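Novice: For reference, the structure I am asking about is given below.
The values are calculated or read from the model by the stated rules, or taken from the named source; none is laboratory data. Values in this document were obtained by computation on a predicted structure and should not be read as measured data. Cβ placement follows ideal geometry from the backbone for every residue including glycine, while neighbour counts extend to all protein chains displayed. Each accessible area value is taken on the protein alone, full model and side chains, heavy atoms only, with ligands, DNA and RNA left out. Shrake-Rupley method; radii C 1.70, N 1.55, O 1.52, S 1.80 Å.
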Amino acid sequence: MSRLVKDDIKSISGEIEAYDLRFKEQTGYFMDEVARKTVHLSDVPLPYRTAVISVTSGLGVISGFAEAVCAILRHCSADAFVTKASDVDGIYEGVMKGADILFLADDARFVALSVSARALAENGECTGVGFAEALACCMGCRREKVLVLGASEVGGAAAAYLAGRGIPVDVFDTNPNVLRGMKIPGGKITKLDAAPRLREYRYLYDATTAADLITAGDVRGDTVIAAPGMPRGITEEACRIATVIHNPLELGVIAMYYKCASIMESRKGECDC
Ligand SMILES: NC(=O)c1ccc[n+]([C@@H]2O[C@H](COP(=O)([O-])OP(=O)(O)OC[C@H]3O[C@@H](n4cnc5c(N)ncnc54)[C@H](O)[C@@H]3O)[C@@H](O)[C@H]2O)c1
């Protein structure tokens, strides 16, 4: 995972409405709808009170990160706020202010927790499936092969999700150990042991940390690339030719929120007596 920097996220709050319209032009759905598809939540639930808590350990707080996460959550109609306090005191403040979902990140993990439902959503996995669903939306009922580049947390989750949807997947990682360690939970996933020719695929998924990995010569006018990788792995020129679905935080955060919300909705009415 690459650590986000201030520049990656500074325009999120001001541009999320416009970005979501562009996302809908690309996929046919708003981010909120794509995220809810990943957890089979057909209706928008009532807003859950959600606290975003800064964590100061390790390399410390990324300036503007908590505010960007909060803006994304409000955009998908969560009742979200950033706590004044950080760390454990921030958790205390969030819960005391009625939050049921807590968002918090350190250098290694970014999670959302539901206090009442004991639900956990992890950013890597949720980003992986969120972008996979966005790509599946672009594919409609076509079942062409998808090439997933990068087989770690994001790429692994994406490959498993696509295969689970009946979409055949080729996966390549420059680190053979990562590829070997990748679990294949059924479905059609082929691990490639040599670098593939990208141009042979219409649908690509970039889950690497490599910049400018996909160039103009690798894409066609009908190529669609789901690209959560940071920095963006597609050159400017290739972006002008292909459809590139890329955002540094938005879809993953919305998918985390709805993962928690779906578990909370499913447990509503459960009796713990
Ligand atoms: N957009 C978002 O919301 C969001 C959220 C989470 C993670 N990310 C980004 O998604 C990417 C994947 O996340 P992760 O946690 O799985 O990262 P990771 O660092 O664990 O894995 C990246 C994988 O890519 C492989 N790789 C690097 N260069 C490659 C290349 N040229 N070809 C094929 N494989 C290559 C590496 O060997 C590694 O296994 C990272 O860039 C991360 O920062 C984005």
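Novice: Find out how many positive minus negative residues lie around Lys37, taking Lys and Arg as positive, Asp and Glu as negative, among other residues whose Cβ is under 13 Å from that of Lys37.
Specialist: Details: positive: Arg36, Arg165, Lys259; negative: Asp32, Glu33, Asp43, Glu133.
It works out to a net charge of -1.
Novice: May I pose another question? Looking only at Gly164, Gly14, Gly94, which one moves most when the chain is put into a Gaussian network model with springs between Cα atoms under 10 Å?
Specialist: Comparing Gly164, Gly14, Gly94 in the GNM, the peak value goes to Gly14.
Novice: Let me ask something additional. Which lysines does Lys37 reach when only Cα atoms under 19 Å apart count, and residues fewer than 8 places away in its own chain are ignored?
Specialist: Partners within reach: Lys24, Lys259.
Novice: Heavy atoms only, probe 1.4 Å: what % of the accessible area of segment 150-273 goes to carbon and sulfur, would you let me know?
Specialist: The C+S portion of the solvent-accessible surface of segment 150-273 is 49 percent.
Novice: Hey, what did segment 125-245 get for relative contact order, percent, Cα under 8 Å, at least 6 apart?
Specialist: Value for segment 125-245: 25 percent.
Novice: Using only the Cα atoms of segment 188-239, build the gyration tensor, take square roots of its eigenvalues as a ≥ b ≥ c, and label the shape rounded, prolate or oblate: rounded if a/c is under 1.5, else prolate if a/b is larger than b/c, else oblate. Numbers along the way, then the final one.
Specialist: Working: a/c = 1.66, a/b = 1.21, b/c = 1.37.
Since a/c reaches 1.5 but b/c is at least a/b, the shape of segment 188-239 is classed as oblate.
Novice: Related question: Using only Cα atoms, figure out Rg for the chain and give it as a multiple of 2.2 N^0.38 Å.
Specialist: Values: Rg = 18.5 Å, N = 273, 2.2 N^0.38 = 18.5 Å.
Cα Rg divided by the expected 2.2 N^0.38 Å: 1.00.
Novice: Using a ≥ b ≥ c from the Cα gyration tensor of segment 103-182 (square roots of the eigenvalues), is it rounded, prolate or oblate, where a/c under 1.5 gives rounded and otherwise the larger of a/b and b/c decides, a/b for prolate?
Specialist: Here segment 103-182 falls in the oblate category.
Novice: A follow-up question, please. Taking the DSSP beta bridges in segment 28-170 as the whole, what percent of them are antiparallel, to the nearest 5?
Specialist: In segment 28-170, DSSP labels about 45 percent of beta bridges as antiparallel.
Novice: In the chain, what percentage of the DSSP-assigned beta bridges are antiparallel, given to the nearest 5?
Specialist: Bridges in the chain that DSSP calls antiparallel: roughly 25 percent.
Novice: Just the number please: accessible area per residue for segment 125-245, 1.4 Å probe, all protein chains included, in Å².
Specialist: That works out to 43 Å² for each residue.
Novice: With N residues in segment 125-245, what two-decimal value do you get for its Cα radius of gyration over 2.2 N^0.38 Å? Please report the intermediate quantities before stating the final value.
Specialist: Numbers: Rg = 12.8 Å, N = 121, 2.2 N^0.38 = 13.6 Å.
Computed over Cα atoms of segment 125-245, the ratio equals 0.94.
Novice: Where does the charge balance sit around Ala255 when Lys and Arg score +1, Asp and Glu -1, over other residues with C-beta under 11 Å from its C-beta? Don't skip to the end; give the middle numbers.
Specialist: Working: positive: Arg36, Lys37, Lys259; negative: Asp32, Glu122, Glu125, Glu133, Glu250.
Residues close to Ala255 contribute a combined charge of -2.
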